[in-house]
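Here the structure is laid out as structure tokens; the discussion comes afterwards.
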Amino acid sequence: MTRPTRSALSLCALLFSFLVYIPGFAHNGKMAYARPLGKITIDGKLSDWPINSPKYQISYMLGGESKPKNEADFSGYFQVGYRLDNRSLYLAFTITDNDFIEDTSSHARFDSQDCFELCLDARHLPFGSGVASFMYSKMLRNINRAFYDSFAQKASWDIMEVAEVRKGTERIVEWRINLGKELSVGKSIGLDFQFFDKDNDNTFSISGWGKGGYKFQSPGNLGDILIVPANQKLGTVTGNLTWEPKSNLPMPERIRFTSENKKLAVDAEVDSTGHYSAELPVGKYQSVVPDSIFFKDARAYSVRTATTGVAVKPRQTTTANIVMSGAIVPDLIPEKGVLPDYTEQTQQRIDDFVNSYRKVYGIPGVSLALIKDGKVVYHKVYGEKNSATHEKVDENTLFEAASVTKPVFAFAVQRLAERGVIDLDKPLYLYLPYPDIAYDERYKLITARHVLTHRTGFPNWRYMNADGKLNIMFTPGTSYNYSGEGFEYLKLVIEKITGKKVEQVLKEEVIEPMELYHTFFSANDSLKAVKSNGHFDMMPTPVDMPESPGMAWSMHTEAKIFTRFMLYMLEQKGLKPATYDSMFSKHSEFKFDPGDPQPRYPSYMGMSLEIRETPFGKSFGHGGNNGDFRCQFEVYKDLKAGYVVFTNSSTAYPFIEALRDFLVDGKAKKD
């Protein structure tokens, strides 16, 4: 959920020598040339722009519910130039849209109207810099800033000048961006944008210049704006990428050209056949496939290339073919999981597995603990808290536990229920009415049991609805839909009937009985001192801390401490046997959309726990996803074994998925 947002040791050694995946440090393959301009007035009129100014198409569908029906529905292009006297980059967007919607309410959102987000990486360093993004509409002036980047962290609307003019179905948006010292001839700037198009039939689409999402925080998903002099001569370099020896491996998506002085680094798109073509300023370049790991169809591939020198000549085409060696990244999953037969000799295999996956998938930090025979047999931390500062993860580092918060809160609620403080089957409104959903009488059917088994009918989060309002999707108790909203309502009820803040309840019912210390649910100085940064595509996010506790998402902890919760439940302490029986029983069937992968073994929702019926017996656990943090724990009752892993990365899902197979399930048999 989001918060209120794969064996041999020698093979592993080979992996370590070259598998470094840093997705955030590449570019998306689009290039444009900015040449000097005369005097430009930012007024939404383009009569002062050069007639021969190149037009770059807004050509990629980035997301949304539907594609534009035709060019009249949505299409556009942009022009770009610069002036050195005021160190400014100029952009002019011409948009055709036959259905313009403007939300002038105080609750305006990017998806409730037509609006625009400009994403800028002014420093555009080949080894990684940060993005500042500017969301623009009549009512929106939002900014996202990469806190670790010296330009982005200070970016504000003060460096922007914007004008918009609409005439019929055409809209002109003109920008001036004061880049200061970051604007210099011969340099490249990272830039892209997202146009959000809302139509009266309620369809919604997102279009941009180049491929790649999360442009507002991922510099690798921006294009290259080359700052060139007026008389800059260009040449073309073209060629093909080939595998040696020949193979059917897919092709990387881009190739990088870096100028001799290292000032200019741009990426060109590579098509599915391996062909590329790029127009570059005259000069000498080094060309190379920028990533040693790339992904296609959910598989990772390694690639090695020798750096190739290329001389670009005026108005000439230079051919530069590139020979690559590569392979599918080795599958490190054994036929049988390593945890059931764990010994001290297993530790090196675990370390090799974790480090391999960390490097392949760009996961900065990991905290991992293993249980066998009812006790902790392994605990280790890996990597960095912050990929920009390279501060290391240590045993005190805390991670966001995301939805793993839910079973912890659920345990506390069931302790209260056993003492008669709350009746799990009594409608919650009888304890505390809920004005946010009072307009729908069905809410009066919702019970605590519905919340803990995800049968309230609530959405996961109200902000995911177009109107941002809480609603009920089905009669409570009749179906399943994973929801964090229900936990927030139940939190309010618990505070009402106990007369205590929920953190005090948690302290009394969970933290102290289990000695689950060094675990926090809201902001405090202790948490601030030890919390890891999260990461999107290897780029760190700020250390945000919840001002108030959220029972669906806000717990902060680390692997070794959290094993106390796991062992407490494994030993069935603190609750009656009948309560544990209910917790581990089927309460809801999971729902899967067409095409979704099916679970390997029967799985269902218990009482705020995912229950799996495996060849090793029943397991219970839960995963967590706050976007820039991902985690998972699972306990196998009959094995008296389990694992818990916390990561500070948006890219950790394949690692977490593979970890279960590596530790317990083993390699899946092919049909």
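The values are calculated or read from the model by the stated rules, or taken from the named source; none is laboratory data. Just so it is clear, the model here is predicted, and its values are computed rather than measured. As a convention, Cβ positions derive from the backbone with ideal geometry for all residues, glycine included, and neighbour counts pool all protein chains shown. Accessible surface areas use protein heavy atoms only, side chains included; no ligands, DNA or RNA. Shrake-Rupley method; radii C 1.70, N 1.55, O 1.52, S 1.80 Å.
Data table
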| item | result |
| --- | --- |
| Residue selected from the range 31-73 under the condition assigned to a loop (DSSP other than H, G, I, E, B) and within 28 Å of the chain's Cα centre (by Cα), by the criterion surrounded by the most Cβ atoms within 10 Å (Cβ to Cβ) | I58 |
| Leading residue by the ranking (modelled with the lowest pLDDT) among those in the range 296-313 that are open to solvent by 60 Å² or more (accessible area, probe 1.4 Å) and hydrophobic (A, V, I, L, M, F, W, C) | A298 |
| I446 vs. criteria over 21 Å from S112 (Cβ atoms), among the hydrophobic types (A, V, I, L, M, F, W, C) and either touching a Lys or Arg at 6+ places or on another chain (Cβ under 6 Å) or open to solvent by 30 Å² or more (accessible area, probe 1.4 Å) (or both) | no |
| Identity of the residue in the range 377-434, in a helix (DSSP H, G or I) and touching a strand residue (DSSP E or B) at 6+ places or on another chain (Cβ under 7 Å), that ends up surrounded by the most Cβ atoms within 10 Å (Cβ to Cβ) | A402 |
| Hey, D103 assigned to a loop (DSSP other than H, G, I, E, B) and under 29 Å from the mean Cα position of the chain (by Cα) or not | yes |
| Selected residue (criterion: modelled with the lowest pLDDT) from residues of the range 584-620 that are of a type in the set (S, T, N, Q) and out of contact with any helix residue (DSSP H, G or I) (no Cβ under 6 Å at 6 or more places or on another chain) | Q598 |
| Matching residues, the range 484-523, being in a loop (DSSP other than H, G, I, E, B) and either more than 27 Å from the chain's Cα centre (by Cα) or within 16 Å of F399 (Cβ to Cβ) (or both) | G499, K500, K501, E515, L516, Y517, H518, T519, F521, S522, A523 |
| Single condition E161 does not satisfy, out of (1) under 26 Å from G44 (Cβ atoms); (2) among the charged types (D, E, K, R); (3) at pLDDT below 95 | (3) |
| Single unsatisfied condition, D291 versus (1) under 20 Å from K30 (Cα atoms); (2) loosely packed, with under 14 Cβ neighbours inside 10 Å | (2) |
| Condition met for P250 (more than 26 Å from the chain's Cα centre (by Cα) and open to solvent by 10 Å² or more (accessible area, probe 1.4 Å)) | no |
| Strands (runs of 3 or more DSSP E) (entirely within the range 167-228) containing at least 2 residues that are open to solvent by 10 Å² or more (accessible area, probe 1.4 Å) and under 17 Å from G76 (Cβ atoms) | 170-178, 188-198, 204-208 |
| Neighbours by Cβ (under 6 Å, 6+ apart or cross-chain): first from the range 520-538, farther than 21 Å from V502 by Cα; second hydrophobic (A, V, I, L, M, F, W, C) and surrounded by fewer than 20 Cβ atoms within 10 Å (Cβ to Cβ) | K531/V543; N533/V543; M538/I22 |
| Out of K507, K469, sole residue that is charged (D, E, K, R) and either modelled with pLDDT of 95 or more or within 19 Å of Q414 (Cβ to Cβ) (or both) | K507 |
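Residue by residue, here is whether (1) open to solvent by 20 Å² or more (accessible area, probe 1.4 Å); (2) small (G, A, S); (3) more than 16 Å from F629 (Cβ to Cβ) holds:
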position: F521; (1), (2), (3): no, no, no
position: D544; (1), (2), (3): yes, no, no
position: H556; (1), (2), (3): no, no, no
position: T579; (1), (2), (3): yes, no, yes
position: S582; (1), (2), (3): yes, yes, yes
